[in-house]
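Novice: I'd like to ask some things about the structure below.
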Amino acid sequence: MAAAYRRGRRLSIRVPQEGKPAKVVSTGTGDRATARAMKLLVEQLADQKRWRLLSAVTSGPRKKRLPLSRLLAAARTNGLDALEASVTEADLREHIPGWQAWLRANLREGSRMLDRYPVLLAELIAPGEPFGVSRFTDPKVLHAWIVAPPRRVNRASKGGESLRWQRKTVASSFARYLLSLGVIRHNPVRDLPPVKKPSGRDRWLPLDDVIRLVEAHDEPFRTIAAIREGAGGEISAVLGMLRRDVDTTTWMLRLRGRKTPHRDRIARLRPWARSYVERYLAAHPMHPDAPLFPGVTYWQSYEAHVAACARAKIADYHLHDARHSFAVQSRKAGVRDELIAANLGHADTSQVHRVYGKYTPSVEDWERAEQGTATTRPAKGRGRKGT
């Protein structure tokens, strides 16, 4: 075999093939000592007739070939047998498109998890290496990935309990799909240590802070925030509203949430938020069936929310926390749990009791309510004169 020779900045060698002429393969390095070690290794493998390993180096699309650097590293750590087993396995990447179609059939329409699940699974795939069954079914590999620190996979990367729970859910989902195809025989997630389910979050803001936050937005995000905070609407339902979903006579809103059947509901907009919607509608006349916020995406709303929180100097407040603020403010104002649950799209009051039962009207809440009642003039013709 000819010695390694240079092609551009990197050296190349000839790798033997079974029953075929040797193929020129880049070593990926310009160091002659390393290239020489790679040349000697492929000669030894050819003498041993380990054609599977050599075929992995020379066959298939260039991006999916086994790098010579990885082959050399495995030889130096006595890992050639394990490497050979992994490269001869089916690459599980081939099943990811089918899994995504399976997810679309099993997750609710519009779920952001349809995009997030494949992004998280991609963290488990080592760059430049096949995604074999042995890697996915190795409990040590799965556990190390699940508990690893968060990566900046998107603009709203989660961490801690939420991320670990999501990663385990992704692994379990992909495993169930592979089991249905017969690609694997056992769900490896069952062999993992338990992962703590994320604790419930009830971060909320008092009304004064909510209004400061709403005012810190630019339109149309100011009106979006007003509806989100003033009706307890999830951002996806608010962005999906049509013009006809706003009744400015009764201030009842149609919010088409998709998480459960109850999330598609009629919700009441609190009085403080109505002026924002009135101004927006006056400035944007539209057909009743037109989208209320055309072209606005979740990520645009997210970025506007982050910027508004920074301007208002409000920390650790998520888009979804608007629902908590609505529920807590309503409960402290003495609103019945049935009305709160209906606005949030809950099937009954059990979740309101469990999550928000600790929030009861304080003395200040009662005083504000009583002052509002005392300063409200009775309707004409009612009550005795002089009262």
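Novice: Can you pull out the helices (runs of 4 or more DSSP H) entirely within the range 1-95 that have at least 3 residues that are modelled with pLDDT under 85 and open to solvent by less than 60 Å² (accessible area, probe 1.4 Å)?
Specialist: Passing ranges, in order: 80-87.
Novice: Six or more apart or on different chains, Cβ under 8 Å: which pairs go from a residue in the range 296-314 that's surrounded by fewer than 18 Cβ atoms within 10 Å (Cβ to Cβ) to one that's assigned to a helix (DSSP H, G or I) and of a type in the set (Lys, Arg)? Could you list them?
Specialist: Ile314/Arg212
Novice: In the range 214-232, which residues are part of a loop (DSSP other than H, G, I, E, B) and crowded, with 21+ Cβ neighbours inside 10 Å?
Specialist: His217, Gly232 - these are the residues of the range 214-232 that are part of a loop (DSSP other than H, G, I, E, B) and crowded, with 21+ Cβ neighbours inside 10 Å.
Novice: Okay, moving on. For the range 245-268, does any single residue satisfy the condition of being assigned to a helix (DSSP H, G or I), touching a Leu at 6+ places or on another chain (Cβ under 9 Å) and more than 28 Å from Ala347 (Cβ to Cβ)?
Specialist: For the range 245-268, residues assigned to a helix (DSSP H, G or I), touching a Leu at 6+ places or on another chain (Cβ under 9 Å) and more than 28 Å from Ala347 (Cβ to Cβ): absent.
Novice: Of all residues in the range 269-291, which are in contact with a Gly (Cβ under 7 Å, 6 or more places away or on another chain) and of a type outside the set (Lys, Arg)?
Specialist: Correct list: Leu269, Trp272, Ala273.
Novice: Of Arg190, Arg254, which residue is free of Cβ contacts under 8 Å to residues at least 24 places away in the same chain and within 30 Å of Lys358 (Cα to Cα)?
Specialist: The unique qualifying residue is Arg254.
So that you can scan it fast, the table gives a plain yes or no per residue for (1) at pLDDT 95 or above; (2) aliphatic (A, V, I, L, M); (3) closer than 30 Å to Arg116 by Cα:
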| site | (1), (2), (3) |
| --- | --- |
| Leu192 | no, yes, yes |
| Glu229 | yes, no, yes |
| Ala273 | yes, yes, no |
| Val277 | yes, yes, no |
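Novice: May I pose another question? What single numbered condition from (1) of a type outside the set (S, T, N, Q); (2) open to solvent by less than 10 Å² (accessible area, probe 1.4 Å); (3) more than 22 Å from the chain's Cα centre (by Cα) fails to hold for Asp247?
Specialist: (2)
Novice: Select, from Ile211, Ile184, the only residue that is surrounded by fewer than 21 Cβ atoms within 10 Å (Cβ to Cβ) and either assigned to a loop (DSSP other than H, G, I, E, B) or in contact with a Cys (Cβ under 7 Å, 6 or more places away or on another chain) (or both).
Specialist: On inspection, the qualifying residue turns out to be Ile184.
Novice: I would also like to ask the following. Take Gln166 and tell me if it is in contact with a helix residue (DSSP H, G or I) (Cβ under 9 Å, 6 or more places away or on another chain), surrounded by 14 or more Cβ atoms within 10 Å (Cβ to Cβ) and either at pLDDT 90 or above or not in a helix (DSSP H, G or I) (or both).
Specialist: No.
Novice: Somewhere in the range 48-62, is a residue basic (Lys, Arg), in contact with a helix residue (DSSP H, G or I) (Cβ under 6 Å, 6 or more places away or on another chain) and in contact (Cβ under 8 Å) with a residue 12 or more places away in the chain?
Specialist: So far as the range 48-62 goes, yes, one or more of its residues are basic (Lys, Arg), in contact with a helix residue (DSSP H, G or I) (Cβ under 6 Å, 6 or more places away or on another chain) and in contact (Cβ under 8 Å) with a residue 12 or more places away in the chain.
Novice: Go through the range 108-140 and report how many residues are among the acidic types (Asp, Glu), open to solvent by 50 Å² or more (accessible area, probe 1.4 Å) and modelled with pLDDT of 75 or more.
Specialist: Residues flagged as among the acidic types (Asp, Glu), open to solvent by 50 Å² or more (accessible area, probe 1.4 Å) and modelled with pLDDT of 75 or more within the range 108-140 amount to 2.
Novice: Restricted to the range 260-295, and to residues that are within 14 Å of Val214 (Cβ to Cβ), of a type in the set (Ser, Thr, Tyr) and in contact (Cβ under 8 Å) with a residue 12 or more places away in the chain, which residue is surrounded by the most Cβ atoms within 10 Å (Cβ to Cβ)?
Specialist: The extreme case among them is Tyr276.
Novice: Of everything in the range 233-244, what is open to solvent by 30 Å² or more (accessible area, probe 1.4 Å) and either among the aromatic types (Phe, Trp, Tyr) or more than 22 Å from the chain's Cα centre (by Cα) (or both)? Give them in sequence order.
Specialist: Leu242, Arg243, Arg244
Novice: Considering only the range 194-208, state which residues are open to solvent by 50 Å² or more (accessible area, probe 1.4 Å) and either modelled with pLDDT under 85 or assigned to a helix (DSSP H, G or I) (or both).
Specialist: Residues satisfying the conditions are Pro194, Lys196, Lys197, Ser199, Gly200, Arg201, Leu207, Asp208.
The values are calculated or read from the model by the stated rules, or taken from the named source; none is laboratory data. Everything numeric here is computed off the predicted structure, so don't read it as measured data. Virtual Cβ from ideal backbone geometry, glycine too; neighbours counted across all protein chains shown. The accessibility values were calculated without ligands, DNA or RNA, using every heavy atom of the protein model including side chains. Shrake-Rupley method; radii C 1.70, N 1.55, O 1.52, S 1.80 Å.
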